[in-house]
Structure formats: structure tokens, C-alpha cells
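The values are calculated or read from the model by the stated rules, or taken from the named source; none is laboratory data. Since this is a predicted model, take the numbers as computed values, not measurements. No Cβ is skipped: glycine too gets one built from the backbone with ideal geometry, and neighbour counts run over all protein chains shown.
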């Protein structure tokens, strides 16, 4: 485990502090929401909508549960398995690159030789036509 890492522990403590403050704020908001609900129900206020208040209370409770879950799951990580280092590199595949380069070079050389031969023959033919005329 990485419990011994000072930086990680400090960051975890800081995050836990933020989450604890959030839990306290959510609990205060829930208390206020319940108090508001009970006083408005007793007074029978005209602008009171019990469905909206219940929805707000349910949302606050869900957020409180989720935040408490985050606090519970907040802990340093650990390496479960040592990474496997391959014995040979996966890339570049030198033999494949060299084979493709050799075959490509061979075809390019043959094409270039044939093209130069054709170009020389075309020039000869063109010169002979100019000399005849």
C-alpha cells in the first residue's frame, strides 16, 4: 500500500476534509428542509407544494449518502500485480521493415530502369522523326 507516501496521504486528508464539510453542510440543509416542511404544513401556507419539498429532501438525502460513500471509499491505491515486461519490443519489427524496404527498392529500381529505357527510346524516336522532316 502507499500509506507511506506523504504527498498521497496529504491529498487524501485534504479531500476527506472537503467531503466532511460537504456532509455537514448537507445535514444542516436537511435539518432546515425538514423544519421548513413541518412549519409550512402546520401553517397551511398557500404557496407550499409538498411534492417539491419532498423531492428536494430526497435529493439531499441521496447526495448525503453518496458523499458518505465517497468518504468511506477514500483510501490510497495499491499495485495488485507487478507489470510484465516483454522480452522483445513489440515495435518496430525490424525484419518486417527491412523486407518491405528491400522488396519496394527492387520494384522501384526495375520500374526506374524500364522508365529510363522507355524515355531514351522515345527521345531517339522523336530525333529520328525530326531528322526525316
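With respect to residue 12, is the statement that it is in contact with a helix residue (DSSP H, G or I) (Cβ under 7 Å, 6 or more places away or on another chain) and either part of a helix (DSSP H, G or I) or touching a residue at least 40 places away in the same chain (Cβ under 8 Å) (or both) true? For residue 12, the condition - in contact with a helix residue (DSSP H, G or I) (Cβ under 7 Å, 6 or more places away or on another chain) and either part of a helix (DSSP H, G or I) or touching a residue at least 40 places away in the same chain (Cβ under 8 Å) (or both) - is not met. Whether a residue is modelled with pLDDT under 85 and either assigned by TED's automatic domain parsing to the domain that holds residue 25 or surrounded by 10 or more Cβ atoms within 10 Å (Cβ to Cβ) (or both) was assessed, and residue 61 does not pass this test.
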